[in-house]
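S.K.: Pasting a structure here, questions to come.
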Amino acid sequence: MPDGAPSLRVAPGGFRGYELLDSGDRLKLERFGPVTVIRGEPKAWWSPRLPRADWDRADAIHDEDRGWRLRPRTPRQWEMDCEGLRLLLRIADTSKHLGVFPEQSPHWRAIRAAGKAAARGGGEPPRLLNLFGYTGAATLAAARSGWHATHVDASKPAIAWGRENQRLSGLSDAPIRWILEDAVKYVQREIRRGSRYEGILLDPPAFGRSPTGKVWKVEYHLADLLSLCRQALSDRPLLLILTTYNIEASALMLKNLLSDTLHGLPGTIEAGELVLPHASSPARLLPLSIYARWQA
């Protein structure tokens, strides 16, 4: 696969009902449907643009030390339409995350486009493996567009949340397998069983522990996992999408990793940043994660 000159892209995300209202001082002010929240954002190094009064009206504020603080009558959970899916959002005491990452919507669109293209070609439905799948937005987007999806996460609450999102989205009969398992061990087992996939999506944490206590560090273990993913791809693969929120990594690093991993496999690699535009000034972008995407 020819590398060509480095070409990095900016991929704006978001969906109707969500707004990034402002960011700065390592914080972001967001609206998820009826609820406005303030959460930490380590990449927002600049100063906020909205007046302090706008921030003070937030319904919920997450503090890294004290957790969530909610105004009276702020719901702990609510539902939202996200790119044609119905997802449950939840304020949990143990995390600043709400159950959906709006910046990842470009990945959902790429998955849908590949699934629909495969369906037009006839034959067996393509198979997608979603590793570190969290609450399942990408998995459900895949299932809606013709993929047979396998969703893997080591968190039992995340799997239960994903199943609830499946029900809310009217996809209870969709071909989805929900697997509670360590991602690396699952891919190893799939390789031994001869199971192969036309698409793989992975969003590994910077640091984590498996259910058995094994330590995961992305800088040491990602290349090995990508090698396993290459072995788990079928003879007619369609796409592989890699995302990371590691602030010390770069999109070029991910592009080089995919280029090495998929050497000799025809296709193109796109790399860049997933960003969110500010509602009041769309040209002002908040970078949130980096990605590399290979497509046949």
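Read the figures in this text as sums done on the coordinates, not as results from a lab. Please read these numbers as outputs of a predicted model, since none were measured by experiment. Glycine also receives a Cβ, built like all others from the backbone with ideal geometry; neighbour counts cover every protein chain displayed.
S.K.: Which of the chymotrypsin sites (Phe, Trp or Tyr not before Pro) across region 1-110 are loop residues per DSSP, with 12 or fewer other Cβ within 10 Å?
M.R.: Numbers: sites: PHE15, TYR18, PHE32, TRP45, TRP46, TRP55, TRP68, TRP78, TRP108; in loops: PHE15, TRP45, TRP46.
Of the chymotrypsin sites (Phe, Trp or Tyr not before Pro), the ones in loops of region 1-110 whose Cβ has at most 12 other Cβ atoms within 10 Å are TRP45, TRP46.
S.K.: Compute the helix-to-body angle for 218-232: its Cα long axis versus the longest principal axis of the chain, expressed 0 to 90° and rounded to tens.
M.R.: Rounded to the nearest ten degrees, it is 40.
S.K.: Separate question: Using only Cα atoms and rounding to the nearest 10 degrees, what angle (0 to 90) does helix 251-261 make with the longest principal axis of the chain?
M.R.: 20 degrees
S.K.: What does the helix-only formula give at 222 nm for the chain: each DSSP H stretch with n ≥ 4 adding -39500 (n - 2.57), the total divided by the residues, and the result rounded to the nearest 500 deg cm²/dmol?
M.R.: Numbers: 7 runs with 79 residues, N = 296.
Calculated at 222 nm, the ellipticity per residue is -8000 deg cm²/dmol.
S.K.: Shifting gears a bit: Using only the Cα atoms, what convex hull volume per residue in Å³ does region 107-173 have?
M.R.: In region 107-173, the Cα hull volume divided by residue count equals 74 Å³.
S.K.: If you count the DSSP beta bridges with both ends in the chain, what percent of them are antiparallel, to the nearest 5?
M.R.: Details: 42 of 69 bridges.
Percent antiparallel among DSSP bridges in the chain is about 60.
S.K.: Which longest run of the chain has no exposed loop site in it, a site being GluC sites (Glu not before Pro) in a DSSP loop with at most 15 other beta carbons within 10 Å, and the site itself not part of the run? Don't skip to the end; give the middle numbers.
M.R.: Values: sites that count: GLU64, GLU248.
My reading of the result: 65-247 is the longest stretch.
S.K.: Give, to the nearest whole percent, the P(r) tail of the chain beyond 33 angstrom, counting all Cα pairs.
M.R.: Values: 9563 of 43660 pairs.
Within the chain, distances greater than 33 Å cover 22 percent of Cα pairs.
S.K.: Could you line up VAL35, VAL152 from fewest to most neighbouring Cβ atoms inside 10 Å?
M.R.: Ascending number of Cβ neighbours within 10 Å: VAL35, VAL152.
S.K.: Still on this model: Helix 156-168 sits at what angle to the longest principal axis of the chain, using alpha carbons and giving 0 to 90 degrees rounded to 10?
M.R.: Around 90 degrees separate the two axes.
S.K.: OK, next. At a 10 Å Cβ-Cβ cut-off, how would you order TYR245, TYR134, fewest neighbours first? Intermediate results must be reported in sequence, preceding the final value.
M.R.: Working: TYR245 18, TYR134 21.
In increasing order of surrounding Cβ atoms, one gets TYR245, TYR134.
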